[in-house]
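Just below is one structure, and these are the notes that go with it.
The values are calculated or read from the model by the stated rules, or taken from the named source; none is laboratory data. Remember, it's a predicted structure, so these values are computed and weren't measured experimentally. Quick reminder, even Gly has a Cβ in these numbers, built from the backbone with ideal geometry, and neighbours come from all protein chains shown. All accessible areas refer to the heavy atoms of the entire protein, side chains included, with ligands and DNA or RNA removed. Shrake-Rupley method; radii C 1.70, N 1.55, O 1.52, S 1.80 Å.
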Amino acid sequence: MILGVILAGGKATRMGGGDKGLKTIGGQPMLNRVISRIGPQVELLIINANGDPDRFIDFGLPVLPDDLADQPGPLAGILTAMDHAAEFTSATLVLSVPADCPFLPHDLAPRLLALLKLHDSRISIAHSGGLPQPVIALWDISLRHDLRKALVSEGLRKIDRFTERYPTTNMDWPVTPYDPFFNANTPDDLALAESIASRYMDA
């Protein structure tokens, strides 16, 4: 069983503040696009975000904050999802995706899962055009104690510094006609996302 976590903890400083996932593309919040694409691929879905959870109430998903005080980035959100999966569900894997990627592929989870099983690895990371997208990955929750130690005792913050310690596999997606892992960080990115969404009906 896979628990999906949408990482919505970014502060959107380059977007002028607020939650990036609540910015709209094609008349709907990016977060809604992420949910519609990832929801059918996993058995359970949560949002990881700090602050007032009520700002996400319209999406109808549990909102879990980091349990680390200094909000050390996406690894903390992945740890939150791993802990939740282990303690409250029967999920053995966590699929992590960011809230600002509105064009995620519909076959993300099954392809990452197949690769994970084929190579008996513990982490399967999405790539596009040959470049890694480390926030978009499938994680074995058996890593949760190691991850907590890395975050708390070592002060580790970079995802690739953690993943390089374990058996990892990579699955690549093409970037034409658009990059499925395009993320909207700036107003210009939002404008480009609008163009992609209007040009490609399935985007």
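Evaluation of residue 80 against the conditions (1) touching a residue at least 60 places away in the same chain (Cβ under 8 Å); (2) open to solvent by less than 10 Å² (accessible area, probe 1.4 Å); (3) among the polar types (S, T, N, Q) shows that the sole unmet condition is (2). From 170, 183, which residue is under 30 Å from residue 118 (Cα atoms), touching a Cys at 6+ places or on another chain (Cβ under 9 Å) and either open to solvent by 40 Å² or more (accessible area, probe 1.4 Å) or in a loop (DSSP other than H, G, I, E, B) (or both)? 183 is the lone residue from the list that is under 30 Å from residue 118 (Cα atoms), touching a Cys at 6+ places or on another chain (Cβ under 9 Å) and either open to solvent by 40 Å² or more (accessible area, probe 1.4 Å) or in a loop (DSSP other than H, G, I, E, B) (or both).
Restricted to the stretch 1-114, the set of strands (runs of 3 or more DSSP E) holding at least 3 residues that are under 26 Å from residue 175 (Cα atoms) comprises 2-7, 93-98. Looking at this structure, is residue 129 open to solvent by less than 60 Å² (accessible area, probe 1.4 Å), among the small types (Gly, Ala, Ser) and without any contact (Cβ under 8 Å) to a residue 60 or more places away in the chain? Against the criterion (open to solvent by less than 60 Å² (accessible area, probe 1.4 Å), among the small types (Gly, Ala, Ser) and without any contact (Cβ under 8 Å) to a residue 60 or more places away in the chain), residue 129 qualifies. For the stretch 191-200, state whether one or more residues are under 27 Å from residue 1 (Cβ atoms) and open to solvent by 30 Å² or more (accessible area, probe 1.4 Å). No, the conditions are met nowhere in the stretch 191-200.
Looking only at the stretch 147-167, which residues are open to solvent by less than 30 Å² (accessible area, probe 1.4 Å) and among the acidic types (Asp, Glu)?
Hits for the stretch 147-167: nothing passes.
Residues in the stretch 132-143 that are under 18 Å from residue 97 (Cβ atoms) and either assigned to a loop (DSSP other than H, G, I, E, B) or open to solvent by 10 Å² or more (accessible area, probe 1.4 Å) (or both): 132, 133, 134, 135, 140, 141.
Among residues of the stretch 157-183 that are closer than 14 Å to residue 135 by Cβ, those with a Cβ under 8 angstrom from a residue that is assigned to a loop (DSSP other than H, G, I, E, B) and of a type in the set (A, V, I, L, M), sequence gap 6+ or separate chain, pair up as 162/156; 180/104; 181/104. Residues in the stretch 111-126 that are open to solvent by 20 Å² or more (accessible area, probe 1.4 Å) and either under 28 Å from residue 190 (Cα atoms) or touching a His at 6+ places or on another chain (Cβ under 7 Å) (or both): how many? Here the count works out to 1. Any residue at all in the stretch 19-36 that's under 30 Å from residue 155 (Cβ atoms), more than 15 Å from the chain's Cα centre (by Cα) and open to solvent by 60 Å² or more (accessible area, probe 1.4 Å)? Checking the stretch 19-36: not a single residue is under 30 Å from residue 155 (Cβ atoms), more than 15 Å from the chain's Cα centre (by Cα) and open to solvent by 60 Å² or more (accessible area, probe 1.4 Å).
Is there any pair linking a residue in the stretch 58-72 that is closer than 17 Å to residue 84 by Cβ to one that is among the aromatic types (Phe, Trp, Tyr), with Cβ under 8 Å and at least six apart or on different chains, and which? Qualifying pairs under 8 Å: 63/56.
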